[in-house]
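What follows is one structure encoded as structure tokens, with my remarks underneath.
The values are calculated or read from the model by the stated rules, or taken from the named source; none is laboratory data. What you see is a predicted model; the values in this text were computed from it and never measured. Quick reminder, even Gly has a Cβ in these numbers, built from the backbone with ideal geometry, and neighbours come from all protein chains shown. Each accessible area value is taken on the protein alone, full model and side chains, heavy atoms only, with ligands, DNA and RNA left out. Shrake-Rupley method; radii C 1.70, N 1.55, O 1.52, S 1.80 Å.
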Amino acid sequence: VLCWFYVFPVYRLPSYEEIVDEVSRKGHVWQKNDTGIHVYRKLLKECCDPLRMFAVTKENSPMGKVLWYDGELYHSHTVSNETFPLFVQEPPLRRPLKRCVVVGNGGVLRHSGCGPEIDNADFVMRCNLPPLSKKYTEDVGIRTHLVTANPSIIEKRFQGLQWSRRAFVDSMRAYGSSYVYMPAFSMRPGTEPSLRAYHALADASSNLTMLFANPDFLRSVGAFWKGRGVHARRLSTGLFLVSLALGVCEEVTTYGFWPFDTAPGPPQSPVSHHYYDNILPYKWFHAMPEEFLQLWRLHTSGTLRMHVGACP
Ligand code: CDP
């Protein structure tokens, strides 16, 4: 809680209205702070070693290694003949990645005109297989270098890939030749759909490269933010990606991170939860406003740039 004192001159967590007001007044001001960037990269390296650990690789997860699921207690997967060949050989990202953007799925992106700015970055990360059809291009861009895919999406949108895989493979073309990052070893029910997604892409000779999220990395990043006041059962996908980006990129900008129903002004107007729908998350699962405050603190200290308004 201590760190809020510097941003909000009150001895309690700010209300939503205060956050919206603060961002409305100061959101466009930003000054890069190389020291802050360096300090955060070092902190993240020490806790979580993002470059080496963010994905399961043949190097960090050899045959016989026990991967403990980070989303449930007492369950594990032992790397076997079935899973080992599916892992990439070594850490796929190489530093220095220069200008990275992390695109959240917030409704603030709608009518933002930020697409060209997003596409201009060197490395673009997106969350949860978001729609990138033509009607959104102007606002969210089209280029993708890494996209996360939750096993629950595979279950809901593609019937767990138990039947036809064509709709899945076709829809994945929107992400070009990016990495697909799946938390295959977070919850037990997620493992099989993730492995099926791997095989569906491999069988179709897709240009995409599947990466399985390393549960040790997800766990250590969760602990990192817990120590900084984010009390959620699980971090949001967006915060995992921001943590990865802060650990591996020279400069990080975020778009579409705005978990409130009023857009920062002027004028302050209603905004949907996602840029493509208004389906709200389970309230108890993530702590997005707490996460937002962490990101806002990083923005005000010049460690990352959070873009919440329209783009020029
Ligand atoms: O599955 P999850 O709820 O984590 O994510 P999502 O709704 O698909 O959105 C992707 C990410 O964008 C989230 O993980 C949040 O970090 C961010 N987000 C946000 O900050 N504000 C919103 N209104 C919606 C999403």
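Length available on full extension from Arg173 to His231: 0.36 nm per residue minus the Cα-Cα distance, which gives 17.3 nm. Note on the range 172-312: with charges restricted to the Cβ of Lys and Arg (+1) and Asp and Glu (-1), its dipole about the Cα centre is near 340 debye.
What a 1.4 Å probe finds exposed on the chain is 54% carbon and sulfur by accessible area, rounded to a whole percent. Using a 7 Å offset from Cα along Cα-Cβ at Glu250, what residues in the range 67-102 end up with backbone N under 16 Å from the label point? It comes to 94-101, nothing else. To the nearest ten degrees, helix 215-226 and the longest principal axis of the Cα atoms of the chain are 20 degrees apart.
When only Cα pairs below 8 angstrom with a gap of at least 6 residues are kept, the chain shows a relative contact order of 28 percent. Charge dipole of the chain (Cα centre as origin; +1 on each Lys and Arg Cβ, -1 on each Asp and Glu Cβ, all else neutral): 220 debye, rounded to the nearest 20.
In the range 159-312, the convex hull through the Cα atoms has an average projected area of 11.1 nm², a quarter of its surface area.
Could you calculate the contour length gain from His38 to Thr78, that is, 0.36 nm times the residue separation minus the distance between their Cα atoms, to one decimal place in nm?
10.8 nm
Both numbers refer to the Cα atoms of the chain; Rg and Dmax are 19.0, 58 Å.
When the listed pairs Lys58/Lys135; Lys42/Lys134; Lys134/Lys226; Lys135/Lys156 are checked against a 32 Å cut-off, the alpha-carbon distance exceeds it for Lys58/Lys135; Lys42/Lys134; Lys134/Lys226. The amide H of Asn214, built 1.01 Å from its N in the peptide plane, has Ala55, Val56 as neighbours under 5 Å, considering only residues 5 or more places off or on other chains.
Extending 7 Å from Cα along the Cβ direction at Glu138 and again at Arg157 yields two label points whose distance is 2.4 nm.
For a straight C-alpha distance cut-off of 17 angstrom, the aspartates and glutamates reachable from Lys26 (same-chain residues fewer than eight places away being disregarded) are Glu17, Glu18. The long axis of helix 188-203 is offset from the longest Cα principal axis of the chain by roughly 70 degrees.
Of all beta bridges that DSSP places with both ends in the range 1-151, some 30 percent have antiparallel geometry. Within the range 163-312, antiparallel bridges make up roughly 10 percent of the DSSP beta bridges whose residues both belong there.
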